[in-house]
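Below: one structure, written as structure tokens.
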Amino acid sequence: MKEFKEDKYQTRGKTIQLLLALWLSTLIAFFFLRWDMVYLTLPILWLFFVALAFFKPKLDVEVKRLIPHDRILEGEIVEIKLKIKSNERIPSLRIVEDLPKGLELVEGDKEFLISIKKGEVRELSYKVRIRRGIYEFNYVKVEYQDPFGFFKKEKIVELYDEIVGVPKLEDVVTPYSTKGTKVTIGTLPSPRVGEGVEFHAIREYQPGDPLKIINWKATAKTGEIMSNEYESERKVDVVLIVDATYRGKDVFDYLIRATASFMLDCLNNGTSFGLLLAEEVPLWIRVDYGKRHFFKCVDFLSMAKPDKNNMIAYQVEHLLKTKFPARAQILYFSPLITEEGMEALKLLYHYGYKVVVISPNPYSVFEPKSEEEELALKLLNLKRKAQLRRLAAYGIIIDWDIKKPLKSSIAEVVKI
Amino acid sequence: MKLRIRYSIFPFIVLLSLLLGYPKLLPLLALGLFGFVSYFLGIVFLTLLMSALIYFKIGGLVGILLVALALLFIESAYLDRAKASREHYLILTVTVLMSLPTYLLIRSLAPVLPRFEVTALAMLIIIMLYIFSKMVGGE
């Protein structure tokens, strides 16, 4: 906790108004030549006297913010607590929380007015609904005002906290083969480096085969020395590309959820993965393994926003020439709503990459309110279907109606 | 302007019951109702009430009590809107009602010291203004 700004006493608007009332009454008393009746202002004078004489604290308070986790799934409701400890008696302490924009307040308030004794600790709380993104709390403003609200003194207590609203995860199945050319290491499904452990076939013994792969049963049966053959456990590299076009902003959250879900799927499969966020300024996270890499990518996904990007094809072309691993599996997340987005898919195909496209249908978010709207949506959906059919030559396209689970949309296209 | 009524209704009811005895002042209460929603309108009501009391020569303990109740009403309406704690209402009530014994004290001393109440008040006003201007300008 660090204080960085302290204000002087400030007079509030209501003080001026009451002083005006005091002066006007005094003037009226003199105007009507009933100046002795000026004693009617006694209640106002008492009020000012007490406010000035008895309520003037130094604002010696300590503030702590308690947030249950720093990464929270979007849509969840979180209780945020403010712990206030005062080192003096403050009869009227106003606390204003620096609630970041985008967090939806669902219970309580971001402002509190309390009365606190010396040494007392008070816990104040409010609840917010988290949306995808990064939310920064920078300070808490504590403000003293006398019980009547005539004068105030404020202090800003620097108190930094951060919440990352991570995308919700969908249930998915792997729509591609994870077998590839890369030897994996670490706590992954393939514990052996090199030849793998998954049984594939029996063949004749060849000089140089280790003794432990000799299949003794088959040897006894055939009379010749037979060896087991194992399938290689080499894995494929996965590159996830997110088309962050602003024209797909209605389904952008779904796009990001799908990306995060497939990233988790990669983590579980033990495949290495990289991420390209094709915003106006593209963000490339190189292919890597593991949980730390996963969380790094998720943090970037949490911050992703739809952007006026019409350069995705150029960005993809540049990166696939320089950064994408050869024979990588591409997962392309795009509403396939812009020419550039479609062009990027064609480029990936032409450079020989296997592509699976997860395309949330941008029209599936709308509920038609009239017959005309229904007809218009039908036409748009037909146009989209025709377009996707044309693009099917370039990769596996999963057309995701966001009203359905992603898993079932994958199952409609890919045999699991 | 937001409407939030908690304790301000009590001084208002007492004020209403007292003003029933003064039909000339009753119309002012219509304006007083706005004190529930706006402090400024409450102040306008208080100023008009004090002017009327001076004009109709309604002074003494009753006059002070009427002003105290009107002030208590507009201030507690302000506290209602600020969601203040009960302690603040208590401090407010005690402070405002302190004007009654002060008046009685001045009144009882008045026969001994000629025109004491006005002198005392003038002095109080000057001291209060001095402290106020020092606080606002000096600190």
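The values are calculated or read from the model by the stated rules, or taken from the named source; none is laboratory data. Please read all numbers here as calculations on a predicted model, not as lab measurements. Ideal geometry is used to build each Cβ from the backbone, glycine not excepted, and the neighbour counts take in all protein chains shown.
Numerical summary
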{"read-out": "Verdict on A:G102 being surrounded by fewer than 14 Cβ atoms within 10 Å (Cβ to Cβ), small (G, A, S) and more than 14 Å from chain B (Cβ to nearest Cβ)", "value": "yes"}
{"read-out": "Qualifying positions in region A:24-64 - more than 51 Å from the chain's Cα centre (by Cα) and not hydrophobic (A, V, I, L, M, F, W, C)", "value": "A:S25, A:T26, A:R34, A:D36, A:Y39, A:T41, A:P43"}
{"read-out": "Residue check for A:L319: in a helix (DSSP H, G or I) and surrounded by 21 or more Cβ atoms within 10 Å (Cβ to Cβ)", "value": "no"}
{"read-out": "Test: residue in region A:66-78 that is more than 12 Å from chain B (Cβ to nearest Cβ), closer than 30 Å to B:L97 by Cβ and either aromatic (F, W, Y) or buried (at least 17 other Cβ atoms within 10 Å of the Cβ) (or both)", "value": "no"}
{"read-out": "Residue match in region A:111-120 (condition: under 30 Å from the mean Cα position of the chain (by Cα) and surrounded by fewer than 18 Cβ atoms within 10 Å (Cβ to Cβ))", "value": "yes"}
{"read-out": "Selection from region A:65-88 of residues that are over 25 Å from A:P167 (Cα atoms) and either touching a helix residue (DSSP H, G or I) at 6+ places or on another chain (Cβ under 9 Å) or not in a strand (DSSP E or B) (or both)", "value": "A:N87, A:E88"}
{"read-out": "All strands (runs of 3 or more DSSP E) inside region A:105-148 with 3 or more residues being at pLDDT 90 or above, closer than 30 Å to A:L255 by Cβ and touching a Cys at 6+ places or on another chain (Cβ under 9 Å)", "value": "none"}
{"read-out": "Selected residue [of a type in the set (A, V, I, L, M) and either in contact with a Gly (Cβ under 6 Å, 6 or more places away or on another chain) or surrounded by fewer than 17 Cβ atoms within 10 Å (Cβ to Cβ) (or both)] from A:I398, A:I402, A:I337", "value": "A:I337"}
{"read-out": "Set A:A53, A:A21: member being closer than 27 Å to B:D80 by Cβ and surrounded by fewer than 14 Cβ atoms within 10 Å (Cβ to Cβ)", "value": "A:A53"}
{"read-out": "Residue in region B:26-36 that is buried (at least 18 other Cβ atoms within 10 Å of the Cβ), farther than 28 Å from A:E143 by Cα, within 14 Å of chain A (Cβ to nearest Cβ) and under 13 Å from the mean Cα position of the chain (by Cα) present", "value": "yes"}
{"read-out": "Qualifying position, being facing chain A (nearest Cβ under 7 Å) and in contact with a helix residue (DSSP H, G or I) (Cβ under 9 Å, 6 or more places away or on another chain), among B:A70, B:A84", "value": "B:A84"}
{"read-out": "Tally, over region A:24-34, of residues that are crowded, with 18+ Cβ neighbours inside 10 Å and either within 23 Å of A:K153 (Cβ to Cβ) or more than 7 Å from chain B (Cβ to nearest Cβ) (or both)", "value": "1"}
{"read-out": "Residues (charged (D, E, K, R) and loosely packed, with under 14 Cβ neighbours inside 10 Å) located in region A:128-140", "value": "A:E136"}
{"read-out": "Qualifying residue in region A:256-268 (condition: in contact with a strand residue (DSSP E or B) (Cβ under 9 Å, 6 or more places away or on another chain), surrounded by fewer than 18 Cβ atoms within 10 Å (Cβ to Cβ) and either assigned by TED's automatic domain parsing to the domain that holds A:E367 or not in a helix (DSSP H, G or I) (or both))", "value": "no"}
{"read-out": "The one condition in (1) closer than 25 Å to B:Y89 by Cβ; (2) assigned by TED's automatic domain parsing to the domain that holds A:G133 that A:N87 fails to fulfil", "value": "(1)"}
{"read-out": "Residue ranges of helices (runs of 4 or more DSSP H) in region B:1-119 with at least 2 members of a type outside the set (A, V, I, L, M)", "value": "B:9-19, B:39-55, B:60-81, B:86-97, B:99-109"}
{"read-out": "Pairs with Cβ under 6 Å, 6+ apart, first in region A:356-374 and charged (D, E, K, R), second at pLDDT below 90", "value": "A:E374/A:P368"}
{"read-out": "Residue within region A:80-90 that is crowded, with 20+ Cβ neighbours inside 10 Å, facing chain B (nearest Cβ under 7 Å) and farther than 30 Å from A:R129 by Cα present", "value": "no"}
{"read-out": "Some residue of region A:89-98 being modelled with pLDDT of 90 or more and either out of contact with any strand residue (DSSP E or B) (no Cβ under 9 Å at 6 or more places or on another chain) or outside any strand (DSSP E or B) (or both)", "value": "yes"}
{"read-out": "Failed criterion for A:G13 (all others in (1) surrounded by fewer than 19 Cβ atoms within 10 Å (Cβ to Cβ); (2) of a type outside the set (K, R); (3) more than 9 Å from chain B (Cβ to nearest Cβ) hold)", "value": "(3)"}
